[in-house]
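Working notes, structure below.
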């Protein structure tokens, strides 16, 4: 028995693996683009949802026989439930910039399955792709997959991280530590102020992402080839969004302007920019945790992160801040993805952007990385670190910068003299101030009380 079968498309015959559900156009893409790997599974799932919603809409609008539409829909449902879904979708990320190969891959697979159900031919172009073009289906699948990842994965993960920060602030925020500017000792801060500062960063990033959701959920579907809607029923776009919203449980709408939705990827660029902003916030938090955990003897040793694994193949007993390091690496990747998406966003030539697969791949990877690392940071770093209270107190008592609180009483120059002598002699600043000023010990204790100094004011 032959391992291949012959399939035809508008360019002629092609040998296709005998057991493949796809046809000639997919096979051409497999042969032409052997560069990296297939499109993300989330994107393929979204593309199948496009086909399901389109089939429903076309049947309702009288553009597709009911039996064919139902067979397409049933085939799509089966594919989405297939644990080995991606074996049917081998097209490389680095393919034609419109994603036509991926669109035809989905059309051909669904046509094959639907045809088997009906016992007669179902056309990949005329039936499965009815009222659609790669030029509106691929941008729509990009938005759908990103919207679902944002709503179902990233935002819940960020909410969990925010909850972990607020809970840690409530349980351990009473501790007072040395503040630092330029990595140098500065005025004291409460741990709650540090944690609440991080929480405010995450809260702002959540608000930014939520603000972008309506734009991400607005779709190009209905614009077909160039934005005019040629070959689509006038009511197709609206009905498509109704059906898709029912399928996904998320409210999708028609883009305000098809030409903008297809000729640009401005929304994807904006979302990627917001993800980059989140990555920067996570990297700041991760690096602060690494510094605070540094030691345990020759570093700051203000906190102790949960020990998760041995830290060295040669140095016994060494434990490293592995979770913050993983978060920082993921953040760096997201920042790199954003640079590529920014360049891709500039490739909207006239009526179509021609770097759509790259945008989809990088955007979905960024959403995935940030969702996973946000959850990890909250669960395995923030929630579980222990505070080294004796270490914090020891550093505070020797911090010469506490003398800043005496400025209004003795003046900057005198305070500087006290700070320098305290540092040089390795003595508590209160002892040196008692010798070099006329202030009583009781007055100095009140003025230099670290808890009071975290409240600001005179």
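No lab work stands behind these numbers, since they all come straight from the coordinates. Computed from a predicted structure; not experimentally measured. Because the Cβ atoms are built from the backbone with ideal geometry, glycine has one as well, and the counts that use them run over all protein chains shown.
Could you line up 430, 382 from fewest to most neighbouring Cβ atoms inside 10 Å?
Exposure proxy ranking, most exposed first: 430, 382.
What is the angle, in °, between the Cα long axis of helix 66-80 and the longest principal axis of the Cα atoms in the chain? Nearest 10 is fine, range 0 to 90.
Its long axis makes an angle of about 40 degrees.
In terms of the ratio Rg/(2.2 N^0.38 Å) built on C-alpha atoms, what value belongs to the stretch 398-453?
Here the Cα radius of gyration is 0.96 times the empirical estimate.
Mind checking the angle between helix 191-216 and the chain's longest principal axis? C-alpha axes, 0 to 90 degrees, to the nearest 10.
Tilt relative to the chain: about 20 degrees.
When a footprinting reagent is the concern and you count Cβ atoms within 10 Å, what order do 262, 39 take, fewest first?
39, 262
Using only the alpha-carbon atoms, how far is helix 412-425 inclined from the longest principal axis of the chain? Give it as 0 to 90 degrees, nearest 10.
Helix 412-425 and the main axis of the chain meet at about 90 degrees.
For the stretch 103-155 and the stretch 324-372, write down the distance between their C-alpha centroids in whole Å.
For the stretch 103-155 versus the stretch 324-372, the Cα centre distance is 23 Å.
Distance from the Cα centre of the stretch 1-52 to that of the stretch 243-285, in angstrom?
28
Per-residue ellipticity at 222 nm for the chain, helices alone: DSSP H runs ≥ 4 residues times -39500 (n - 2.57), over residue total, nearest 500 deg cm²/dmol?
Computed mean residue ellipticity for the chain: -18500 deg cm²/dmol.
If neighbour count is taken as other Cβ atoms inside 10 Å, put 440, 133 in order from fewest to most.
Neighbour counts put them in this order, fewest first: 440, 133.
Given a Förster distance of 51 angstrom, what is the FRET efficiency for residue 449 paired with residue 10, based on the Cβ-Cβ distance and rounded to 0.05?
0.05
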